[in-house]
Amino acid sequence: MECQAATTADGLNRQWFVGWLIARGATVYYDAMGNEFGLFELCPGAPYVMVGSHLDSQPRVGRFDGAYGVLAGATVCAELYRAAPSGETELTYNLCVVNWTGSAPGRASSPVDVRRAATRRRSDVVGPRPRRRT
């Protein structure tokens with residue numbers, strides 16, 4: 001199973017995913033790099049909790065590679081969004097699922113990986129790095 005970024009197959013997956021998101025109430029946004037964001041707004045003005053990965057795959061990588069992260073995250077976001085108005089759940093944040101354009105950090109890094117590295121510090125994403133015991 002292989003569907004590399006910026007191929008016809010990747011484009012078809014991305015179109016399908018946009019339709020899936022819109023059918024479940026998301027607003028779809030693209031940034032300058034072509035990353036897809038499915039925004040589920042529950043609390044106007046509140047921050048977003050972001051989940052996801054990439055729908056494209058890389059040769060000789062796991063069968064579902066990043067697609068599982070995108071689809072599992074999208075399913076959770078859509079279900080929480082569906083349940084919120086009925087009172088089944090109370091959320092104080094908005095939800096976002098992302099499909100990054102390109103992955104391949106080990107193969108000649110894609111522009112997306114370079115951009116992520118240039119614009120984020122690790123501590124911004126997951127907190128300070130734990131110190132190693134010696």
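The values are calculated or read from the model by the stated rules, or taken from the named source; none is laboratory data. Everything numeric here is computed off the predicted structure, so don't read it as measured data. Note that each Cβ is placed from the backbone with ideal geometry, even for glycine, and that neighbours are counted across all protein chains shown. Just so you know, the surface numbers come from the protein's heavy atoms only, side chains and all, with ligands and any DNA or RNA stripped out. Shrake-Rupley method; radii C 1.70, N 1.55, O 1.52, S 1.80 Å.
Given the condition part of a strand (DSSP E or B) and in contact with a helix residue (DSSP H, G or I) (Cβ under 9 Å, 6 or more places away or on another chain), answer yes or no: does some residue in segment 66-84 qualify?
No, the conditions are met nowhere in segment 66-84.
Among the residues of segment 46-103 satisfying the criterion of being more than 17 Å from the chain's Cα centre (by Cα) and charged (D, E, K, R), which is modelled with the highest pLDDT?
Per the stated criteria, the residue is Arg82.
If a residue has to be within 18 Å of Leu80 (Cβ to Cβ) and open to solvent by 70 Å² or more (accessible area, probe 1.4 Å) to count, how many in segment 50-62 make the cut?
Qualifying residue count, segment 50-62: 1.
Please verify whether segment 7-22 includes one or more residues that are open to solvent by 100 Å² or more (accessible area, probe 1.4 Å) and closer than 12 Å to Asn99 by Cβ.
yes
Within segment 1-56, count every residue that is among the acidic types (Asp, Glu), assigned to a loop (DSSP other than H, G, I, E, B) and touching a Cys at 6+ places or on another chain (Cβ under 8 Å).
Residues that pass the stated criteria total 1.
For segment 33-43, how many residues are under 13 Å from Trp100 (Cβ atoms) and open to solvent by 40 Å² or more (accessible area, probe 1.4 Å)?
Within segment 33-43, residues that are under 13 Å from Trp100 (Cβ atoms) and open to solvent by 40 Å² or more (accessible area, probe 1.4 Å) number 1.
In segment 63-85, how many are aliphatic (A, V, I, L, M) and open to solvent by 40 Å² or more (accessible area, probe 1.4 Å)?
3
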